[in-house]
1. Non-local amide H neighbours of Ala71 (under 5 Å, H modeled in plane, Pro and chain starts lacking H): which ones?
2. Grab the beta carbon distance between Phe25 and Arg142, set R0 = 45 Å, and tell me the FRET efficiency rounded to 0.05.
3. With each pseudo-label sitting 7 Å past Cα toward Cβ, what's the Arg91-Thr112 distance in nm, one decimal?
4. Over all distinct Cα pairs, what is the inverse of the mean 1/r for region 38-95, reported as the Kirkwood hydrodynamic radius in Å?
5. Could you give the length gained by full extension between Ala71 and Ala46, i.e. 0.36 nm per residue of separation minus their alpha carbon distance, to one decimal place?
6. Could you pull out every one of the lysines with an alpha carbon less than 26 Å from that of Lys43, ignoring same-chain neighbours closer than 8 positions?
Amino acid sequence: MNEEAQQPDRERNAARKRYNRIVRFYNLLELLDERRFRPWRTKLLARSAGRVLEVGVGTGKNFPIYPAGVAVTAIDVAENMLAAARKKAGRQGFFAEWTRADVQNLPFRGDTFDTTAATFVFCSVPDPLRGPRELRRVVKPRGPLAWERDEAACRCSAARLGRLVRRGCRMVSRRPGASTRGCGLHSEIS
């Protein structure tokens, strides 16, 4: 395999290691901006219905926001994040299916989910188009692809602080909307 072909694997592994390392203080990094972004996430996730794929579940902060009756499959590239989310879900009585997976290469058949949800995920995904294309593949026709525009988060104070620790947010080097332009998708909330 040539150097260029190995780059996405290296970036994905680096992101996995980074998020595994910071899981203990991840929520603290985002605490400053939680008030700002929770209303957006609440509006976004209120549209969830049926089988939902949550991408980049992190520590599970979206669980209390989901409407009753959804069946969530939660994925994250970092196993320690999944473990933290699973623990939180148990404390809150929230049921989900758990899979360690990369949004750039989802292990699900096409047209599997009614809704997909990703909140502030794509700024840390190496390929800005592959992830959204994979979401389009696994969501049923006309199913909502719901995510927040990562550019807003990457400009806020906690995200800047988080980048110092994570060195993972790429939006500062991408044009706004780069994670969705070019694959025929748009974010549900700007």
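1. Placed amide hydrogens put Gly50, Arg51, Val52 under 5 Å from Ala71.
2. Once rounded, the FRET efficiency stands at 0.70.
3. Result for the modelled spin labels: 2.9 nm.
4. Roughly 11.5 Å, rounded to one decimal.
5. Here the segment from Ala71 to Ala46 would lengthen by 7.6 nm.
6. Here the lysines satisfying the reach criterion relative to Lys43 are Lys61, Lys87, Lys88, Lys140.
Each reported figure results from applying straightforward, stated rules to the coordinates on display, with no laboratory input. Nothing here was measured: the structure is a model prediction, and the numbers come from that model. With ideal geometry, Cβ positions are generated from the backbone for all residues, glycine too; neighbour counts draw on all protein chains shown.
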